[in-house]
1. Run the numbers on the chain and let me know its relative contact order in percent, using alpha-carbon pairs under 8 Å that are six or more apart.
2. List the relative contact order of the range 67-174 as a percent without decimals, with contacts defined as Cα pairs under 8 Å and 6+ residues apart.
3. When a/c reaches 1.5 or more, the comparison of a/b and b/c decides; with that in mind, is the range 41-153 rounded, prolate or oblate per its Cα gyration tensor?
4. With label points built 7 Å along Cα→Cβ from the Cα atoms of W71 and N138, find their separation and express it in nm.
5. With just the Cα atoms defining each centre, how far is the range 59-108 from the range 115-154? Give it in Å.
6. Suppose we keep just the DSSP beta bridges with both residues in the chain; what percent of those would be antiparallel, to 5?
7. Please order D120, D89 by the number of other Cβ within 10 Å, starting at the fewest.
8. For D4, enumerate residues with amide H under 5 Å from its amide H, sequence gap 5+ or separate chain, H modeled in the peptide plane.
Amino acid sequence: MLLDESGLLLSPLVRRTLAPQGQTPLLLHKAKHREKVSLIAALTLSSHKHNLGLYFSSLLNDSFNNVGVAWFMRQLLKYLRGPVLVIWDRGPMHRGPEIRKLLDDYPRLTLESLPPYAPDLNPVEQVWNYLKWSRLCNFAPADCTELDQAAFQELHGIRKDKDRLQSFWRGSELPWPRALAS
């Protein structure tokens, strides 16, 4: 499993768009006090069936710390069988007493860190790029609830698209497992 966190703000990520000549598009938004949606996702690769899966969760106007990350992983471990290897960055939310307790409670769990400053190795970064710069660019929600719902719908669609999940893996610099090459 490769795991990463990200966030979305109410102010839209603006990209060039088409509009009738002389009618500049306006993006009206209510970005108050840095309201946000924090996201966490894990891209899983089954060692037996070689299937890719995407699991995710969100928090409104809060951030994932070691308590939130441990909670997310406990939820995932209910669905994942056998030994689980988690590969993630060296963020502070991946350390602390809740993470140590998680390791004590689940001896089948192994944690490995990516090298420093290596987001290109984590395919979940590709998920965030696609979500922010393709699916939700120029989106100006009325509030955090609307932003959270839009993110959920988009991530749910990504979860169902096996070709897209493979493209995220291939877009990272991780080797593609031979069993999945066909």
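Readers should treat all values here as calculations from the given coordinates under stated rules, not as data from a laboratory. As the structure is a prediction and not an experimental result, all values here were calculated from the model. Here the Cβ positions follow ideal geometry from the backbone for every residue, glycine too, while neighbour counts run over all protein chains shown.
1. Dividing the mean separation by the residue count of the chain yields 28 percent.
2. Working: 79 pairs, mean separation 28.9, N = 108.
So the answer I get is 27 percent.
3. Details: a/c = 1.73, a/b = 1.51, b/c = 1.15.
Cα axes put the range 41-153 in the prolate bin.
4. Computed distance between label sites W71 and N138 equals 3.6 nm.
5. The range 59-108 and the range 115-154 have Cα centres spaced 21 Å from each other.
6. Expressed as a percentage, antiparallel bridges in the chain total about 75.
7. On the way: D120 13, D89 21.
Least crowded to most crowded, the residues run D120, D89.
8. Amide H neighbours of D4: A41.
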